[in-house]
Amino acid sequence: MHRSHSLRTRRLALGVAAIGIGSAMLLTPTGAGASGESRIDVEFTASGIGGDCVPASTALLTRTLMAYPDNTADAFVLRIHVAKPLCDPIDATAAVYKMPGGGEAWPQTLLETKAVRLQAAGDTVVTFAKGCDPTQFDVVTGATPPVISPTGDKHGPLLFPTDTGTSLQFPGGTGCVTSTTAPTTIPNVVLPSTTLASSTGSSTTSPSTTPTTVQAPLLTTPVTPGTSDGPGVSDEEVQDLATTGANSGPLTMIGLGLVLMGTAFVISIRRPATR
């Protein structure tokens, strides 16, 4: 009888742990990118210059709005200088598009966007971080469709339409691993121990306050940091990439599987028949 109670206790603990871990995986949001880090950083530093404002429509012609691109080994940086305050704001968008690689530039799929508002005098520095994937960096006005190509949808015009140096097609990092398998460890779950006590003619369950640590499983999932000659993104993944920068489908399936497994463990526990 004692062995049966001990087995039921362990199964209950494992079932509750599996449900908890699986639920956490289902509820945890996916980050903006495969690494969970943004590829775009936007910083504004005011110059303090005031005076009469300049119409936004003439900012480029009067050189009130100027661009200073800088292409480094780790980033593409675009410094946007506003010499005098603008009468109306200019709303632009910094966008990162993923290219198919292997020498192919199109079609491109949207990975991330960040708003860039220009009005006060000063400098806005837009930094695009380079990685393994072949990507295009743009600061545009207007639409940023999820997929663009010369023969299909196109994003809006560049903020500086006559200066193609304010945009960059990056072929991808060198020496990047195309695919690797990295272990993802879920922390152990500590839950109260359940002791099943038996008395003559009945079986009762009474909780104790002694904590029981349940060893969580080690999950191994493929992690692809990117490649300069990898395939493009499928149509089914376009919407996920445009929103989060990563496809969370595999983690969702693992979490759902843990919840179902834990539920099966809990349901399988039956009170013994009363003698």
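The values are calculated or read from the model by the stated rules, or taken from the named source; none is laboratory data. Every value quoted in this text rests on a predicted model; they were computed, and no experiment measured them. Cβ sites come from the backbone with ideal geometry, for glycine too, and all protein chains shown count toward neighbours. For the accessible areas, the whole protein counts, side chains as well, though only heavy atoms, and no ligand, DNA or RNA atoms are used. Shrake-Rupley method; radii C 1.70, N 1.55, O 1.52, S 1.80 Å.
For Ala120, only one of the following conditions fails: (1) at pLDDT below 95; (2) open to solvent by 50 Å² or more (accessible area, probe 1.4 Å). What is its number?
(1)
Give region 152-176 a look and list any residue that's touching a Pro at 6+ places or on another chain (Cβ under 9 Å) and open to solvent by 80 Å² or more (accessible area, probe 1.4 Å), or say none.
Asp153, Lys154, Gln169, Pro171
Residue by residue through region 52-65, note down the ones that are open to solvent by less than 70 Å² (accessible area, probe 1.4 Å) and not in a strand (DSSP E or B).
Cys53, Pro55, Ala56, Thr58, Ala59, Thr64
State the number of residues belonging to region 107-147 that are within 18 Å of the chain's Cα centre (by Cα) and of a type in the set (Asp, Glu).
Going through region 107-147 one residue at a time, the tally reaches 2.
What about Thr113, is it of a type in the set (Ser, Thr, Tyr), under 25 Å from Leu61 (Cα atoms), open to solvent by 10 Å² or more (accessible area, probe 1.4 Å) and modelled with pLDDT of 95 or more?
No.
Kindly evaluate Leu27 against the criterion of being at pLDDT below 95, touching a strand residue (DSSP E or B) at 6+ places or on another chain (Cβ under 7 Å), open to solvent by 70 Å² or more (accessible area, probe 1.4 Å) and not β-branched (Val, Ile, Thr).
no
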